[in-house]
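A short write-up of the structure that comes next.
Computed from the coordinates by the stated procedures, all read-outs in this text should not be read as laboratory data. Source: prediction; values computed, not measured. Cβ placement follows ideal geometry from the backbone for every residue including glycine, while neighbour counts extend to all protein chains displayed.
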């Protein structure tokens, strides 16, 4: 059991951490989410059949991230009421100082634009384009058909591209 | 008449084309999608921090030891209970029915009789003394004896302390 657990941590731990970082934009929260998910894995490793682990792990990680993001949205709503926060700020602007994990400006732009995407578009882009997971695993994780995964990913990517272009145009203007 | 393809089917075809394409597609929009797709690969890649791995290993180790610790604790409790039971003082058995009947001896009966007699005598003496003391303070009520015929014969009877005869 312990060996299997350690194998799964080595195999998928970094992927989960990356998913959490991209969804949350904060290293500390991403660490917490990854750790929490892997602790759950330890407790459930016996009940998981071979091949089920990755969709299960991604689902746990994604749900934990979505919980945190929902909490942030609530907090941000309150802060906006109090401080009349600048509307132009994207979701990634609320991340902490430790979120500068991509050094390039373009990478930062991509990450900010990605963080501003709605669900499940953001998760689809992370899982399909960034992590290059196969369609079947993503479909199983997000409870979609394989064709839906493909089409929604295509549309999410195009939406992201339009956002980036609009942002670029705004900066030029 | 040419029927426009279903948007879902159209996007599915485009996504399949993007996946299969090793080179930049000719259509400009699709080419931009293709470029972005390649740009996104590996964005924000990172290793799971060593600190997290260490905490996980420690946690797993602790949880694996948990049942052993519980077993040791349970064995200790059982040992203490067994020791307590074995070392407990022997409980006195209650006397059986035949042993509980006490037959008084003649001496016991004589002592009991003497005690009763003493109580009786002392009680009578205390009552007589109290009667004498109280009688002097009592006022004889007027019973209207003077109105009765032969009152002179009746009065001494009522005035006598001992009315028994």
(request) Give, as ranges by residue number, the residues of the range A:105-143 whose backbone N falls under 20 Å from the point 7 Å along Cα→Cβ of residue A:59. (result) A:119-128, A:133-143
(request) With label points built 7 Å along Cα→Cβ from the Cα atoms of residue A:105 and residue B:124, find their separation and express it in nm. (result) 13.3
(message) With the crude spin-label approximation of a point 7 Å out along Cα→Cβ, what separation in nm comes out for residue A:44 versus residue B:116?
(response) 8.9
(message) If packing is taken as the average count of other Cβ atoms within 10 Å, what order do B:18-26, B:68-76 fall into, highest mean first?
(response) B:18-26, B:68-76
(request) Could you work out, residue by residue across A:16-22, how many beta carbons of other chains sit within 10 Å of that residue's beta carbon, and then give the average as an integer? (result) 4
(request) Please give, to one decimal in nm, the separation of the simple spin-label points placed at residue B:103 and residue B:39, each 7 Å out from Cα toward the Cβ. (result) 11.8
(message) Sort B:119, A:68 by Cβ crowding within 10 Å, fewest neighbours at the top.
(response) B:119, A:68
